[in-house]
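Right, one structure below, let's go through it.
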Amino acid sequence: MSETAALWTAVDAITKELRVRVLRVVDTDVLDELAAGNGWWCDVAAWRHATSGHATIPSLWDQSTDALNRGSEGGAGGASPVRERSPADLDLMEIRCLIRDTVRHELALRGTRIRHHADARPAPFDPAELRSLASLVIQRDQLELWWWEYRFVSWARLLESYLQAVERQAKPVYLRNSPCPTCRTTQVTIEKDGERMVVPALLVDFRDGYIRAATCQACGDTRWRGPDLEKLAAELGVAPLGHADTA
């Protein structure tokens, strides 16, 4: 593989979605129909077509964006403050900032201006900026292609590592059919991804694999891990709350 191709492979790992072949569960009646039309011999090509398909895996950058958006869901559908983020979230934010700042600095050195809003704030980072930088490097820095390949590969590995750490974090859980003991609210309406949806009022979030707190998204009453949470469990008539596996 040429140095140029190797560099683009590293950039693609961060910026391009991936299509992969997956096996589909097919009803036996479908396979019987395929075989019946061919003297009860199932054609290999037809069988592969019926039992396989393709799935799209988002780019590493898009996966990291989605991971942080999911991690920002707080009470009443708002974004949680940085102090309530998990260590994995903060690590992921840091590597994304490193990539953004490095890419924009290098683009500026090569005469590329970054888009700004009317109020002079920089526009949100676009992974296309990574591809623009790669193109400029290939045009002007042929002797440094190996270094830039190493840098892009390192960024991809960092994103993968932090994404795995985020995925291992226990996700917030709604307590269904459990009214808030304080305001007696059972369900609330929140906005998520631009859509309004009805969800249980009580939301439990975790830290380090253990429940951090249970919060009512209607009145804001919060029961922290410890005696308060044990009291909430007693009021709701459920098993003691404490570990992610028992929530």
Subject >> the range 109-194: C-alpha gyration tensor shape, a/c 1.5 cut-off, then a/b vs b/c >> reply: oblate
Original post:
Which whole-Hz ³J(HN,Hα) couplings does the range 102-118 yield from phi under the Karplus relation 6.51 cos²θ - 1.76 cosθ + 1.60, θ = phi - 60°, glycine and proline marked x?
Top reply: 5, 4, 5, 5, 5, 5, 4, 4, 9, x, 9, 8, 8, 5, 10, 6, 4
**OP:** Averaging over all projection directions, find the projected area of the Cα convex hull of the range 83-143 and quote it in nm² with one decimal place.
**Re:** 5.8
Subject >> Cross-link reach list, lysines versus K192, counting only Cα pairs under 29 Å and skipping chain neighbours closer than eight places >> reply: K16, K171
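Read the figures in this text as sums done on the coordinates, not as results from a lab. Since we're looking at a predicted model, the values are computed, not measured.
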